[in-house]
Amino acid sequence: MMSSANLALLRGPVLAATPGFLLDKPRCPIIHHAHSPLARFEPHPARDTIINRSQACAKFSTLVVGGGGTMRTRRSLTPFFVSTLFFSPVWAVSVGLVDDFSTPGTNGWTSVNSNTNPGTDGVGGSGDGYLNIAQLSGPFNFGSHNDGINYAGDWTAAGITQVSFFLNDVNTDQSFSFHFLLTGADDDSTWQYNPGFDPPSESWQQYVVDLNDDTNWTRIRGAASFTDVLASVTNAHFRHDLSPYTFSPNAIAGDIGIDNITLAPEPTTLTLLLGAGLGCAVRRRRRH
């Protein structure tokens, strides 16, 4: 049983996620005034309204280690990640985090567009959820963001160099130009990944965002460098936007699916980590 001290630690202030957790964690109530940087950046129907993103306070879902889980298995990538979970500070964002929407909820993704989890037809097929973002009442700013503990922290120190995810243009086919963005640093500077993705209609396709080359990114707000933002991420975003990229996105009507958002290291680093994990497993078997 977890000690009261450990329970207090989990319930207290946490700055970022730890690896290995399945992301089923509604966030505590947060209110952005319509004139704040976040409220202006995210789509909303009126500048004079207040966006109240109230959700239940933090709860963590089951950590699945190895096979046999009843969920659509967010297995820890290696025993390395499991050891990192229990022996590193809970405020250290780390590689290996996967947002797979396999349990109810949107895992903190929100905007004034409709953000829902249908609970089926994700990458895993029947019974596998995904994040659905919908704007069906007419063209409007389109996107979603997450300022929860699962994405906040120093991505550079954590070794996160890629973000991968699956997209699906669900229902009516739209001409999306869907981008990934990061906000951070002291002045909430925001950088947008230049390639815009137009996913296939009614099927899933994986995309990868490279964090190594800032020439593939455009700063749309603030004055901080891309390096500074990566060192102090406060928000991860998706939004539809057309060139030229500015603070205000382009409007569109439609809906899109997102699944298996993954914070990943360099492929070579992942190979080394997997090799180290397998080595530990082999040595453990030999001892037993």
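Side notes on the structure shown:
- Among the candidates Thr172, Thr234, residue that is out of contact with any Phe, Trp or Tyr (no Cβ under 7 Å at 6 or more places or on another chain) and either aliphatic (A, V, I, L, M) or under 18 Å from Ile261 (Cα atoms) (or both): Thr234
- Candidate set: the range 127-167, residues that are within 19 Å of Pro200 (Cα to Cα) and hydroxyl-bearing (Ser, Thr, Tyr); chosen: the one nearest to the chain's Cα centre (by Cα): Ser164
- Among the candidates Thr190, Thr172, the residue that is crowded, with 18+ Cβ neighbours inside 10 Å and either assigned to a loop (DSSP other than H, G, I, E, B) or of a type in the set (S, T, N, Q) (or both) is uniquely Thr190.
- Hits in the range 156-169 - residues which are surrounded by 21 or more Cβ atoms within 10 Å (Cβ to Cβ) and more than 21 Å from Val93 (Cα to Cα): Leu167, Asn168, Asp169
- Number of residues in the range 99-110 that are in a loop (DSSP other than H, G, I, E, B) and either buried (at least 20 other Cβ atoms within 10 Å of the Cβ) or of a type in the set (A, V, I, L, M, F, W, C) (or both): the value is 8.
- Leu181 passes every criterion in (1) assigned to a strand (DSSP E or B); (2) surrounded by fewer than 22 Cβ atoms within 10 Å (Cβ to Cβ); (3) not small (Gly, Ala, Ser) apart from (2).
- The combined condition, being surrounded by fewer than 21 Cβ atoms within 10 Å (Cβ to Cβ) and not polar (S, T, N, Q), is fulfilled by Pro195.
- Subset of the range 200-241 that is part of a helix (DSSP H, G or I) and not charged (D, E, K, R) - its residue that is nearest to the chain's Cα centre (by Cα): Leu230
- Scan the range 222-245 for residues that are closer than 23 Å to Thr110 by Cβ and either in contact with a His (Cβ under 9 Å, 6 or more places away or on another chain) or without any contact (Cβ under 8 Å) to a residue 40 or more places away in the chain (or both) and the total you get is 9.
- Some residue of the range 111-118 being in contact with a Pro (Cβ under 7 Å, 6 or more places away or on another chain), of a type outside the set (D, E, K, R), in a loop (DSSP other than H, G, I, E, B) and modelled with pLDDT under 85: no
- Among the residues of the range 132-152, some residue qualifies, meaning at least one is of a type in the set (Asp, Glu) and either under 21 Å from Gly184 (Cα atoms) or assigned to a helix (DSSP H, G or I) (or both).
- Test: residue in the range 86-93 that is modelled with pLDDT of 50 or more and farther than 29 Å from Asp255 by Cβ: yes
- Residues within the range 153-169 that are part of a strand (DSSP E or B) and of a type in the set (A, V, I, L, M), tallied: 2
- Only one entry of Asp255, Asp241, Asp228 meets the criterion of being within 20 Å of Trp155 (Cα to Cα), modelled with pLDDT of 95 or more and not β-branched (Val, Ile, Thr), and that entry is Asp228.
The values are calculated or read from the model by the stated rules, or taken from the named source; none is laboratory data. Small disclaimer: the values here were computed from a predicted structure and weren't measured. Ideal geometry is used to build each Cβ from the backbone, glycine not excepted, and the neighbour counts take in all protein chains shown.
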